[in-house]
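First comes the structure, then the notes that go with it.
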Amino acid sequence: MDNTKFQTTDLRLGAYLRMLGYKISSILRVGNRIIFHFDKKEGCQTDINRYYNKESTVEPLTYMASLGEMRDMVGMASRGEAMMAGGKDNGKNGKPTPQGD
């Protein structure tokens, strides 16, 4: 993975990052795991540290909405419907399949 991306399997962290404006570049299903790839921006590691150290405050309803959206994405990825840069995840090897199937 290049230095312009950040990946996580932590759904709650992903919801937090989305609230802060980070964009999801792809979602992969690899076995039983869902991996969210985010485009990094300046201060990414600081934002992650603030989350894990409980040093950040968020608007509760906005966070819950973001968490719900992330759960929807997990459901889609589990059904093989995850949209990614380049296509859909076929769930077999973590690589996208062409769109338009």
Could you give every pair whose Cβ atoms fall below 6 Å, whose first residue belongs to the range 19-45 and is more than 24 Å from residue 60 (Cβ to Cβ), and whose second residue is among the acidic types (Asp, Glu) and modelled with pLDDT under 90, counting only separations of at least 6 or pairs across chains?
-> 28/89; 29/89
Kindly provide the set of residues from the range 1-39 that are among the basic types (Lys, Arg) and either in contact with a helix residue (DSSP H, G or I) (Cβ under 9 Å, 6 or more places away or on another chain) or loosely packed, with under 13 Cβ neighbours inside 10 Å (or both), ordered by number.
-> 12, 18, 23, 29, 33
Is there a residue being among the β-branched types (Val, Ile, Thr), at pLDDT 90 or above and under 14 Å from residue 8 (Cβ atoms) anywhere in the range 40-61?
-> yes
State which residue is farthest from the chain's Cα centre (by Cα) when the search covers only the range 1-55 and only residues that are part of a helix (DSSP H, G or I), within 18 Å of residue 68 (Cα to Cα) and aliphatic (A, V, I, L, M).
-> 19
From (1) surrounded by 13 or more Cβ atoms within 10 Å (Cβ to Cβ); (2) at pLDDT 90 or above; (3) assigned to a helix (DSSP H, G or I), pick out the condition that doesn't hold for residue 73.
-> (2)
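The values are calculated or read from the model by the stated rules, or taken from the named source; none is laboratory data. None of the values given here were measured: they were computed from a predicted structure. Cβ coordinates were reconstructed from backbone atoms using ideal geometry, including for glycine residues, and neighbour counts include every protein chain displayed.
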